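Read through the structure below, which is laid out as structure tokens, and then see the notes.
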Amino acid sequence: MNEAHPPPRSLKSTASIVQSIRPMKFPARALLVLSLAGLPLAAQTTTPATEDQTDTSAAPPQLYGQLTGDLYTAPSGVYQIPVPVLPQLGGTVSDTANTVTFDDDFTTHISIFAFPLSRELKWEYDTRGTKDFLAWFFTNIVMADFAKRFPGASMEDNGLFLPKYQDGSLLVYMLLPGGSYFANQAMILPPPKPLVAKRGNLLFVKYGMIFVVSTELTERVTEHLIFNKTPAEEDQILRQRLTAIVDKMRFIKPAAEAKD
């Protein structure tokens, strides 16, 4: 897939971005699900610098969505969320037409995917029902892409369905050998073998959109020598973090649905 993604927009100045370049991390926002869902990504452009311009005076890259203070509004307008990263910790916000990623230099990597249900996906949703549709979508679209990127990637289990949360949501945990966003911060550099990252994913459908909220259990990699939680304890940590993210989101009913 060769879509052009705009550079992350930092919460710091453009000059600070240049000075704080760090090793490339895993870009979760580049999931193949974008193309499989048939959702084109409009290219973003910025005005190139002229001979009279300097890097410090250049305008920062623009977002597809809107960033007002510390409040991010999705391009679709269907949700808003306070930015969960701090500029003091290298916090950045980057997005596409359908995704936003928040990350920093130390502990946070959060992605929110929001896709309109196409006619085909709507048929699957109506036919399968919420629980089976979410499991089908994650297994056949999201997980399938991760498995291609990271050999040996697996789902920890078949997921946990929460019938009352967001009118039905699915929690899924996956293990990604060599797939950590924070691999360059492991306590042993380089680690004796590729570390296995763990990501939690929370899926639900709202206002004709399917949401996938995803975050990595950072400590499993950055503190791998001393982080000794059981899988159940890891799951609980990720569940709390994911629901905390979603609880801060404000969902806005589209005007067409608001009239119904």
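Here, each number is a calculation from the coordinates, and none is a lab measurement. As the structure is a computational prediction, the values presented were derived from the model and not from experiment. Note: ideal-geometry Cβ built from the backbone for every residue, glycine included; neighbour counts use all protein chains shown.
Points worth noting:
- Under 15 Å from a label point set 7 Å out along the Cα-to-Cβ vector of D167, the amide N atoms of the range 236-252 belong to 251-252.
- The range 64-178: C-alpha gyration tensor shape, a/c 1.5 cut-off, then a/b vs b/c: oblate
- Extended-chain gain in nm, criterion 0.36 nm per residue less alpha-carbon gap, N140 and N184: 12.8 nm
- Gain upon complete extension [R119, D132; 0.36 nm per residue less C-alpha separation]: 2.9 nm
- Amide H partners (placed H, <5 Å) of Y79, local residues excluded: A74, I252
- Spin-label pair E219-L89: with each label point 7 Å from Cα along the Cα-Cβ axis, the two points sit 1.3 nm from one another.
- Charge context of I81, other residues only, Cβ under 12 angstrom, K/R +1, D/E -1: -1
- Pairs from K148/K248; K164/K198; K198/K253 whose Cα-Cα separation, in the structure shown, is over 27 Å: K148/K248; K198/K253
- A Förster radius of 25 Å combined with the Cβ-Cβ distance from Q240 to D70 puts the calculated FRET efficiency at roughly 0.70.
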